[in-house]
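Structure, as structure tokens:
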Amino acid sequence: MAVPVVKNDERPVIENGFGEIEVLKGTHKLVRCFKGEIKAGTTVHPQLFADCGVFYCFVEGTGYITTKKEAFNIKELSFFCPDWANDSYGIYAATDMKYVKFVSAMVESDWKHYEETHSILPFFKAASNGQPYTQSCKGPNTMSWSIMSAGQAGRFLCGVVKGVGAGEGTVEKGHPSVDQWNVILEGSDILMDVDGEKVHHVAGEISYIYAGPDHSLIPNGPDKTCYYIWFEHKTAEWE
């Protein structure tokens, strides 16, 4: 089974300073993935969803987000989870911006769990404010940062990984409880292996790994960089 990969030639058509395109269509029964671009000087007011969770990864450019009560500056790699159906928001691009957006349908058990515990939305975090963590599946000098943990916003989990050179990156046994998307970041030259299928990954690309198979993302050479966002979605129903 071929690993679904979004290459850089899959880009939205820009009209009035903004464009968004759905990618990886049909790969997951609940989650949809989008690539978006906002040209400098443009403000976008995204669609609100009453029955879906939304999570943004701002991967390029600078700007800010405004909600009814707060504003957030985007000065670096940043992450945003709006208050879904309850609060309209605007995204302004000071420079040309690119983002990846995940939209996940919320089933009945998700709402039950969400009512029991969740972070107060909207959620915003710059990558530099992520919580450093380590794993045995990472190289000795590979850095990892947790962005969103279980229970904060439905089934969403997110983090960032960066490793440079031989022996770095991630070599991981399959995890049957979560599906994983990889958003490849600036400067990366990555060799990804999913259950023996090898993929050459560069900045701007996205891939999807269904729950279960062993997988690795490592630098594609002794002087190469492996820098990516992992976004995960729990597969099992909430207990």
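The values are calculated or read from the model by the stated rules, or taken from the named source; none is laboratory data. All figures in this text were calculated on a predicted structure; none of them were measured in a lab. Every residue, glycine as well, gets a Cβ built from its backbone with ideal geometry; the counts of neighbours run over all protein chains shown. Accessible surface is based on the protein model in full, side chains and every heavy atom, while ligands, DNA and RNA are left aside. Shrake-Rupley method; radii C 1.70, N 1.55, O 1.52, S 1.80 Å.
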Within region 204-220, restricting to residues that are hydroxyl-bearing (Ser, Thr, Tyr) and farther than 25 Å from residue 98 by Cβ, the one that is least open to solvent (accessible area, probe 1.4 Å) is 216
Inside region 38-56, the number of residues satisfying the requirement of being in contact with a Gly (Cβ under 6 Å, 6 or more places away or on another chain), open to solvent by 30 Å² or more (accessible area, probe 1.4 Å) and either of a type in the set (Lys, Arg) or closer than 30 Å to residue 109 by Cα (or both) is 2
Residue pairs within 9 Å by beta carbon, gap of at least six or interchain, first lying in region 9-28 and free of Cβ contacts under 8 Å to residues at least 24 places away in the same chain, second part of a strand (DSSP E or B) and among the basic types (Lys, Arg), listed first then second, are 19/35; 21/35; 22/32; 22/35; 25/32
Is at least one residue of region 225-235 farther than 25 Å from residue 165 by Cβ and in a loop (DSSP other than H, G, I, E, B)?
yes
With the condition kept exactly as written, say whether any residue in region 129-140 is under 26 Å from residue 72 (Cα atoms), basic (Lys, Arg) and modelled with pLDDT of 95 or more.
no
From 223, 189, residue being surrounded by fewer than 16 Cβ atoms within 10 Å (Cβ to Cβ) and in contact (Cβ under 8 Å) with a residue 12 or more places away in the chain
223
Name the residue that is least open to solvent (accessible area, probe 1.4 Å), counting only residues in region 90-104 that are of a type outside the set (Ser, Thr, Tyr) and not in a strand (DSSP E or B).
94
Only one residue in 24, 48 is over 18 Å from the mean Cα position of the chain (by Cα) and over 23 Å from residue 146 (Cα atoms). Which one?
48
When you scan region 74-89, do you find a residue that is part of a strand (DSSP E or B), open to solvent by 10 Å² or more (accessible area, probe 1.4 Å) and farther than 20 Å from residue 179 by Cα, even just one?
no
Quick check: is even one residue across region 116-138 in contact with a helix residue (DSSP H, G or I) (Cβ under 7 Å, 6 or more places away or on another chain) and either over 16 Å from residue 181 (Cα atoms) or open to solvent by 20 Å² or more (accessible area, probe 1.4 Å) (or both)?
no
For the structure I just gave you, tell me whether residue 59 is of a type outside the set (Lys, Arg), open to solvent by 30 Å² or more (accessible area, probe 1.4 Å), at pLDDT 95 or above and within 29 Å of residue 197 (Cβ to Cβ).
yes
Residue 186: more than 22 Å from residue 10 (Cβ to Cβ), among the charged types (D, E, K, R) and part of a loop (DSSP other than H, G, I, E, B), yes or no?
no
For region 22-34, what are the residues that are out of contact with any Asp or Glu (no Cβ under 7 Å at 6 or more places or on another chain) and either on the phi > 0 side of the Ramachandran plot or open to solvent by 20 Å² or more (accessible area, probe 1.4 Å) (or both)?
22, 24, 25, 26, 27, 29, 30
